[in-house]
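Chemist: Sharing a structure here in structure tokens format.
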């Protein structure tokens, strides 16, 4: 009872717009992960923090709690630096699963993609939902994901699986249907801890956009941040109608369209194809595979057109799977 009262006071301070220190945030999220306060107070805390607006220190404290207490750690034999890409969710601009397509294309171009995602919370189709629809085994152990990264350049850790986050993260995420600090902090708690990544944040659209301006911030190894904007017109892209990026309402229909895109069967000048090329280009640039975003888009287009992206998807489904043949049957049924 006393612990619940003290936690309630912390919620009151958040309602009053008072920030927490990193240590206070870590302590609060530790109590949530350990289920040391009531479910109603846990939800109230997450809502109050989201309404106040998270500080960097609060996000860092949340990440520390999740990574230290509730994340299965793995190492890979990748032989190259690991890279991740993801959105945070919580955006108001709902698109098809651009980040998953971009990760597959980047992997086919030689980038070691260690992904970490979740099922849909506020969108139609989350990263895990799409991977599962394609035939990937999303409920496997972390070691099998690491094996897939080493063998095929791509693997996905399911952020809602008890095999990846054994204590509480899946329990919490499955019970809330609004964006929270966990979307940011938990997405950073990648079991393989890649040091390089392309990350979308939840201001309107959490991907690089072919519909308008994208604001970017690039953090280098020296700790310097370079801010710049991406304009479709400067990349010789005509701005597309946002409606063209919306997912199908049915997951099976959406997964068929996704496969068609990876196989190079979508219009090369269409919004979906160009969105994937642009977001792949960001991955290739931060991974050091290309010098410019424009050259990265060319490399992405080539990987789709020459079949490398499709072969990488097939390899991923077979590698991250306790039943490879079953996964491949699922994938091949999605071909037109």
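Chemist: Sticking with the crude label model, points 7 Å out along Cα→Cβ, report the distance from residue 3 to residue 175 in nm, one decimal please.
Modeler: Computed distance between label sites residue 3 and residue 175 equals 1.4 nm.
Chemist: Right, another one. Using label points projected 7 Å from each Cα along Cα→Cβ, tell me how many nm separate residue 244 and residue 217, to one decimal.
Modeler: 3.1 nm
Chemist: Sticking with this structure for a sec: Using only the alpha-carbon atoms, how far is helix 271-286 inclined from the longest principal axis of the chain? Give it as 0 to 90 degrees, nearest 10.
Modeler: 70 degrees
Chemist: Mean separation of Cα pairs under 8 Å and 6+ residues apart, divided by the residue count of the chain: what relative contact order is that in percent? Could the numbers behind the result be given before it?
Modeler: On the way: 621 pairs, mean separation 74.1, N = 336.
This gives 22 percent for the chain.
Chemist: Ok, one more. Among 229, 104, 293, determine the one that fluctuates most according to a GNM of the chain built with springs between C-alpha atoms less than 10 Å apart.
Modeler: 229
Chemist: Relative to the longest principal Cα axis of the chain, at what angle does helix 293-305 sit, 0 to 90 degrees, rounded to 10?
Modeler: So the inclination is approximately 60 degrees.
Chemist: What is the distance in Å between the Cα centres of segment 275-300 and segment 306-320?
Modeler: So the two Cα centres are separated by 19 Å.
Chemist: Over the alpha carbons of segment 2-70, what is the largest minus smallest coordinate on each principal axis, giving the biggest first in Å?
Modeler: Principal-axis extents of segment 2-70 (Cα, largest first): 26, 24, 16 Å.
Chemist: Relative contact order for segment 2-70: what percent, with Cα pairs under 8 Å and sequence separation of 6 or more? Let's see the in-between values first.
Modeler: On the way: 64 pairs, mean separation 34.0, N = 69.
It comes to 49 percent, rounded to a whole number.
Chemist: Given the options 68, 222, 274, state which has the largest fluctuation in a GNM of the chain using a 10 Å cut-off (strictly under) for Cα springs.
Modeler: 222
Chemist: Same structure again: Taking 8 Å as the Cα distance limit and 6 or more residues as the minimum spacing, I'd like the relative contact order of segment 192-235 as a percentage.
Modeler: Details: 36 pairs, mean separation 12.5, N = 44.
Rounded, it is 28 percent for segment 192-235.
Chemist: Percentage of Cα-Cα pair distances in segment 1-147 greater than 20 Å, rounded to whole percent?
Modeler: Details: 6445 of 10731 pairs.
Of the Cα pairs, 60 percent sit more than 20 Å apart.
Chemist: 222 nm [θ] for the chain, helices only, -39500 (n - 2.57) per DSSP H run of 4+, per residue, to 500?
Modeler: Rounded to the nearest 500, the figure is -14500 deg cm²/dmol.
Chemist: What is the diffusion coefficient of the chain in µm²/s, taking the Kirkwood radius over Cα pairs and the Stokes-Einstein relation at 10 °C with a viscosity of 1.306 mPa s?
Modeler: After rounding, the answer is 78 µm²/s.
Chemist: Mind checking which of 96, 178, 157 has the largest fluctuation in a GNM of the chain, springs on alpha carbons under 10 Å?
Modeler: 178
Chemist: Kindly express, to the nearest 10 degrees and within the range 0 to 90, the angle between helix 22-33's C-alpha long axis and the longest C-alpha principal axis of the chain.
Modeler: Approximately 90 degrees, to the nearest ten.
Quick note: the coordinates plus some simple rules give every number you see, no bench work behind them. Model, not experiment: these values are computed from the prediction. A quick note on method: Cβ atoms are made from the backbone with ideal geometry, for glycine too, and the neighbour counts reach across all protein chains shown.
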